[in-house]
Amino acid sequence: MRPEWLPEGADITTPNAARVYDYALGGFHNFDVDREFLKAAQREWPGVVALAHANRAYLGRVVRWLVDAGVRQFLDIGSGIPTLGNVHETAQDTAPTAKVVYVDIDPVAVAHGQRILRDNPSAVSVRGDLREPERILSDPEVLALLDFGEPVAVLMVAVLHFIDDEDDPAGIIRRFADATVAGSYLALSHGVPAGDDAAGQARVRQLYQRTPTTFHVRTVEQVTAWLNGWEIVAPGFVPINRWHPEDHHDTASAAVGAVARTGAGSVSCPAVPGGQTAGISRMYDSAGATEAGESDIGFHPSR
Ligand SMILES: C[S@@+](CC[C@H](N)C(=O)[O-])C[C@H]1O[C@@H](n2cnc3c(N)ncnc32)[C@H](O)[C@@H]1O
């Protein structure tokens, strides 16, 4: 039987990243095809569920950190199906007036978001594609809630690895960063090669070829290059479980994350096409040096 929460036109015959992630986190907005997909992925790469939980925990820590830093507006792109630890709950827990716009390409994520936010005047869920920054930045619902004359935190957590190189992830990031004023931030996480089981991870990537969103694992160098020139807050670009950790039992590390200051006054320069940059070796070289103060942009793969 078709559940009442399923929007018209949603394809439930093909596994879907939003619903697979929802299942991995223990949510209920998924179907047999998504559950079978995750079980197959787990057989190939047992760490995949732990990674989903570690990512969600990272998102929560990032939002709490941003609220503590004074941010009261959030644009969460690739927000997923609302489940435990939603951005508006986390942010409004401390700052009840915090405003949150959720954007996702998936109709189930958007429809469920709209339902749970019906009575929340400070949060909305809209359908949008990260690859179309101008549409998101000019969306009437986005502009009705967010004031881009004030600081905004743009969240791209566990979504950029669904963006092809041809769609220019670095350019997408720059466009959103450029739309923000001083005091704004951009936060991201991204899958990187799994040191312990690269073969299993590669097989999971192959499974994702069957979904509408191809999964790209990129090297730490490629991902950090996207933020080259932005001021990255401590502890820098690190495995997500090491970003202001609260739970030291959380050991998943096949994803990295960072929070960068954006907007006027923050330094920025375009990343080199192809995702590589000469600056990356400087980042590694300066990893141990703390003269950059709070802005330690070193990734510490061996720690
Ligand atoms: C792994 S979930 C991450 C959810 C949430 N950001 C988190 O970290 O907990 C990835 C989400 O990105 C969405 N997504 C994939 N490609 C997208 C695109 N081009 N534009 C917007 N959302 C996208 C998927 O539908 C899915 O809901």
What would the Debye formula give as log10 I(q)/I(0) at q = 0.08 Å⁻¹ for the alpha-carbon point model of the chain, no solvent? -0.32
Over the range 1-149, volume per residue of the alpha carbon convex hull, in Å³: 121 Å³
Which net charge results for the neighbourhood of ALA91, defined as the other residues with beta-carbon distances under 14 angstrom from its beta-carbon, given Lys and Arg at +1 and Asp and Glu at -1? 0
Considering only DSSP beta bridges whose two residues both sit in the range 17-285, what percent are antiparallel, to the nearest 5? 40 percent
In deg cm²/dmol, rounded to 500, what helix-only [θ] at 222 nm does the chain give when every DSSP H run of at least 4 residues adds -39500 (n - 2.57) and the total is split over its residues? -10000 deg cm²/dmol
On alpha-carbon atoms, Rg over Rh for the range 101-225 using Kirkwood Rh? 1.00
For the range 68-120 the mean separation of alpha carbon contacts under 8 Å (6+ apart) over residue count, i.e. relative contact order in percent, is 43 percent
Note, the range 35-48: 3J(HN,Hα) by Karplus (6.51, -1.76, 1.60, θ = phi - 60°), whole Hz, Gly/Pro = x, goes 5, 5, 4, 5, 5, 5, 5, 5, 5, 6, 8, x, x, 5
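FYI, it's all coordinate maths here, none of it is from the lab. Nothing here was measured: the structure is a model prediction, and the numbers come from that model. We place every Cβ from the backbone using ideal geometry, glycine too, and count neighbours over all the protein chains shown.
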